[in-house]
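The values are calculated or read from the model by the stated rules, or taken from the named source; none is laboratory data. Small disclaimer: the values here were computed from a predicted structure and weren't measured. When we count neighbours, we look across all protein chains shown, and the Cβ atoms used for this are built from the backbone with ideal geometry, even at glycine.
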Amino acid sequence: MAIDGRPVRAHRPAPDPRRWRRSVLARLIALSLLVLFPLAAHAQDSAFETRASHAVILDYETGEILYSKNGAEPMPPASMSKLMTVYMAFEAIEEGRLSMDDELPVSETAWRRGGAASGSSTMFLEPNSRARVDDLLRGIIVQSGNDACIVIAEALEGTEENFADAMTDRAHELGLDSANFENATGWPDPDHRISAADLARLAAIIIRDFPELYDIYAETEFAYNGIRQYNRNPLLGVVEGADGLKTGHTTESGYGLVGSAERDGERRIVVFNGMESERARADEAERLMRAAFTEFEIYEIVSAGDILAEADVFLGVSPRVALRASRDLAVGLHRRDRDDITAEVVYTAPVRAPVEEGQEIGRLVVTMPGGRVEEIPLEAAMAVPEKGAIGRAVAALVQLIRGA
């Protein structure tokens, strides 16, 4: 049954996503008749939890988010925002605007705001000296030097403020829409924000676009100006395959990490923030990264062209039209969550003829534990011409009789 102009929802729990394509058609067609009593999808809590305030696990190869806790919510990233600073430097090197051998001037501003005088993370650059880009990158990546960030910013854009604007613009061009940078260092600012999901995507972009320069992230120590400092990344040398990326900490953000590891041809990226101590960060980093490889998988839900339901057609030569998936849909999930996926086919009924093949009719809404939702358009699998004049007249008469 369909009611004119009313959304139709077909819902079912998926007992096993691996069997989805064998069972979805019959179940969704049957339940699409329950228009008067539509069933709602209720998201359950995920089987996996973290004490971090924000967290994301991302599969590098597919770009699928395997786990998210407040992952889309902009957060204070602290020094994790230095990933974008480094991206800007890497890109300038690739484009020939910088070279690893260039020696850049260390301004009084860079020393005062990021050097030994600042009391913040520093590579101990001397004011009014010059430093090689090669060293500055290690100063940012290994030592988290704020002074090195400001030197790079001033070299590329004149001022740190201009560089922050350029960082934000470039991030948006890369599709990192949550990003807003107010400085090159991650220094606390109420408007300096980016989501955990976008940090994970940024890490993936760096790994993909700059594979040789990315190797710097795996270096565990660096000495400059006679001072040796060690990489704060707690995954390096502890978790198999770990090779990056960046820690962060401020009073506002808590302790956070963007980490990546590769094993057996698979790479996972974890991002989290809001831990209460350096020790807690180290423990959670190891737990999340190990879970990323052992507890999460990517499940194929539907493939492009799969027939998922039928929609009623008003005044069509056929009373119904099959709805097919417009694209593939795969989702990353904890293994214990796969039985708790719910799905709805949603369209406005009835669909009025004529219907063109490929015309978007509705959408498949897949809800996963934890509230994450994925949608794909559903399109008509065939054309349905409009009835002729006599057919339309008969349909109008039937409607009149039913309404009497």
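Among strands (runs of 3 or more DSSP E) lying entirely in the stretch 248-307, which contain 3 or more residues that are in contact (Cβ under 8 Å) with a residue 12 or more places away in the chain and closer than 27 Å to SER81 by Cβ?
Details: elements: 254-263, 266-275, 296-302.
By residue number, 254-263, 266-275.
Mind checking whether some residue in the stretch 144-163 is touching a Gly at 6+ places or on another chain (Cβ under 9 Å), surrounded by fewer than 18 Cβ atoms within 10 Å (Cβ to Cβ) and within 18 Å of TYR224 (Cβ to Cβ)? Checked against the condition, which is being touching a Gly at 6+ places or on another chain (Cβ under 9 Å), surrounded by fewer than 18 Cβ atoms within 10 Å (Cβ to Cβ) and within 18 Å of TYR224 (Cβ to Cβ), the stretch 144-163 yields no hits at all. Just one of the numbered conditions (1) within 30 Å of TYR299 (Cα to Cα); (2) among the charged types (D, E, K, R); (3) at pLDDT 95 or above is not true of GLU64: (3).
Whether any residue in the stretch 300-316 is under 30 Å from PRO385 (Cβ atoms) and within 21 Å of the chain's Cα centre (by Cα) is what I want to check. Among the residues of the stretch 300-316, at least one is under 30 Å from PRO385 (Cβ atoms) and within 21 Å of the chain's Cα centre (by Cα), which makes the answer yes. Among the residues of this structure, GLY226 counts as one that is closer than 21 Å to LEU136 by Cα and either at pLDDT 95 or above or surrounded by fewer than 20 Cβ atoms within 10 Å (Cβ to Cβ) (or both). Restricting the stretch 50-64 to residues that are touching a helix residue (DSSP H, G or I) at 6+ places or on another chain (Cβ under 8 Å) and surrounded by fewer than 21 Cβ atoms within 10 Å (Cβ to Cβ) leaves a set whose member that is nearest to GLU252 (Cα to Cα) is ARG51.
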